[in-house]
Amino acid sequence: MADGTNARSDGATRRELLAAVSGASSAALAGCSTTLGTGPDPTFRVGTLRPPITLDPFDAISIGSEQAIGRVFDGLYEYGEGIDTVPKLAAGEPQFENDRREVVVELEDSARFHNDREVVADDVVYSFTAPLEEDAPTAWRVSPFDSVEAVDERTVRFTLAEPYPALEHALTQPIVPRQEREDDPEAFATDPIGAGPFEAVSFSEEKKATLRRWDDYWDEPTPAIGRLTVAYVEFPMTQLSSLRTNRNDAIEPVSPTIVAHVSDVANASVKRRRGYTSFYFGFNLNEGPTTDPKVREAISYCIDLEKAVSEFVEPMGQRQYGPLPPQVADEWDMPTEEWAALANEKNTERARQLFREADAASGQLRILTSMDPKHKEFGEALAGGLRDASRGALVVSVPETSFLERYVSGSERDYSVFVGEISGTPDPDSHLYPAFHENAAGVTNGTFYREDAVMERLSAARETTNRERRRRLYEAAITRLLEDRVCLPICSFENSFAVDAGLENFRVHPIAKVNPRLAAGDEVARVRSDS
């Protein structure tokens, strides 16, 4: 795809799509029936483009892993129907002391892990300190705490150097049993023990996770679904085929390629909700040609991102011009029009000129992506533009585990550019600190950008609850990130599922890792009695 065009056709007719799906699924049709059932233990199978990689909460940074983990583990607090948090393992709201620099949380007396052991304060201490001690990819979430201590078996005290404005989100951290994980961390990553409504049955990295309802769950509501399987599917058309043949009861995310045709080929409907996930091109500022600002600027002239988003993402997402999803930028009154003005339109001649001025080596620029079809499409579109500008380009698409290792290596042998994905919360900290702060370089930050003024602002914004001050700090930091071409923001992407008509009360949550939400709120997802 040297010209950067998209191979998909939004104008595909219903007949053409049906023929394609029938051809892809004819062999699978024989012997297949829906996995949903009306018995006491109905199963629910989700075909996902986001494979689960681990079931260890400390190491999970991919959406696929976090979604499976969210069914197995509970946190002190969990998200309600929206972005509010409500007590879960905690017995009530957190109590604040010392001008909000100390936070005291009491544990629910009835809380138990799957092995029937009580959840105690020491488990909470471990869950908030071990990620830092292990330099885990989730360490940034708990790094604002100066200390976490057990006051007694049912009470935990968190101490902060300064009040942390994203505290409510930090306190949703999954609680892990200390002894059970320390006994064998490697085994725990595939066969964990949590306190959530589902237990792990089997796990195959990057392929499938199967969970079963924990019938002795300590809290309400108890899931109506008896078994949940999350299975990797490589292509959107294969996803659609799996719905038609009842191989899967739901698919996610729903690709723009198939969204308009779900109801044509399957007894299913699309459920979607605006979320907090976004894509971006990140540059390797550690070594190689993209350490040169002129090379980064030249690359920015090699792709028409408006066209790419229109072709690859809409109507399931929209163009964005900074690292914050549009609803976060709007809520924080960010200067998105000014940021849009910093984005270059495609200009092949200007790109050639800048490449000549940079006198960069003539080797191929490596564009690293995961196997996610959207990531690959963006990578190929950029590669096509680079070739048009007489610059060699190679798209390297690798499985998720390999991608998560390589994109933070800082090695030019692995990448000059990567297609990154941020899945955060309504707080800007979750989109900026892990992706761009130097403390996360080589862990979750693959840019290795080290401008002191930006780092100081990102850190300072975590240490004040003054919203206007935070807004100014983030605005200045983001503007500098964009001016220095540390990244090229691409788009936001909605949370979406196509779900079999036999399942009712299935709701999509705006925070990606909370999905699929099967046991929360007033009503649980359940199989219709007439299905």
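Counted by Cβ distance under 10 Å from Asp429, the other residues give a net charge of +2, where Lys and Arg count +1 and Asp and Glu count -1. Taking the DSSP beta bridges with both ends in the chain, the antiparallel portion is around 75 percent. Computed across the chain, the Kirkwood radius stands at 24.0 Å (inverse of mean 1/r, all Cα pairs). When Asp292, Asp184, Asp330 are compared by accessible area at a 1.4 angstrom probe, the order from most to least is Asp330, Asp184, Asp292.
Among the listed pairs Lys294/Lys513; Lys376/Lys513; Lys294/Lys346; Lys88/Lys207, which have their C-alpha atoms separated by more than 27 angstrom in this model?
Flagged as over cut-off: Lys294/Lys513; Lys88/Lys207.
Length available on full extension from Arg472 to Glu451: 0.36 nm per residue minus the Cα-Cα distance, which gives 5.8 nm. For the pair Val396 and Val443, a Förster radius of 22 Å applied to the C-beta separation gives a FRET efficiency near 0.55, rounded to the nearest 0.05.
Counting only Cβ charges, +1 for Lys and Arg and -1 for Asp and Glu, the dipole size of the chain around its Cα centre is about 2220 debye. Rounded to the nearest 500, the 222 nm mean residue ellipticity of the chain from helices alone is -9000 deg cm²/dmol, with -39,500 (n - 2.57) taken per DSSP H run of at least 4 residues. Surface composition of the stretch 234-352: carbon and sulfur make up 41 percent of the accessible area, probe 1.4 Å. Each residue, Glu338 and Asp219, gets one label point 7 Å from its Cα in the Cβ direction; the gap between the two is 4.2 nm.
With a Förster radius of 25 Å applied to the beta-carbon distance between Asn115 and Arg507, the computed FRET efficiency rounds to 0.20. In the context of the full set of protein chains, the chain has a per residue accessible area of 39 Å² (1.4 Å probe).
Please identify the trypsin sites (Lys or Arg not before Pro) of the stretch 432-531 that satisfy two criteria: DSSP loop assignment and at most 16 other Cβ atoms within 10 Å. Which are they?
Sites meeting the loop and neighbour criteria: Arg450, Arg528.
Expressed as a whole percent, the accessible surface of the stretch 362-494 that belongs to carbon and sulfur atoms is 40, based on a 1.4 Å probe.
The values are calculated or read from the model by the stated rules, or taken from the named source; none is laboratory data. Treat the numbers as computed from the prediction; the structure is a model and nothing was measured. Quick reminder, even Gly has a Cβ in these numbers, built from the backbone with ideal geometry, and neighbours come from all protein chains shown. Protein only, heavy atoms only, side chains kept; ligands, DNA and RNA dropped before computing areas. Shrake-Rupley method; radii C 1.70, N 1.55, O 1.52, S 1.80 Å.
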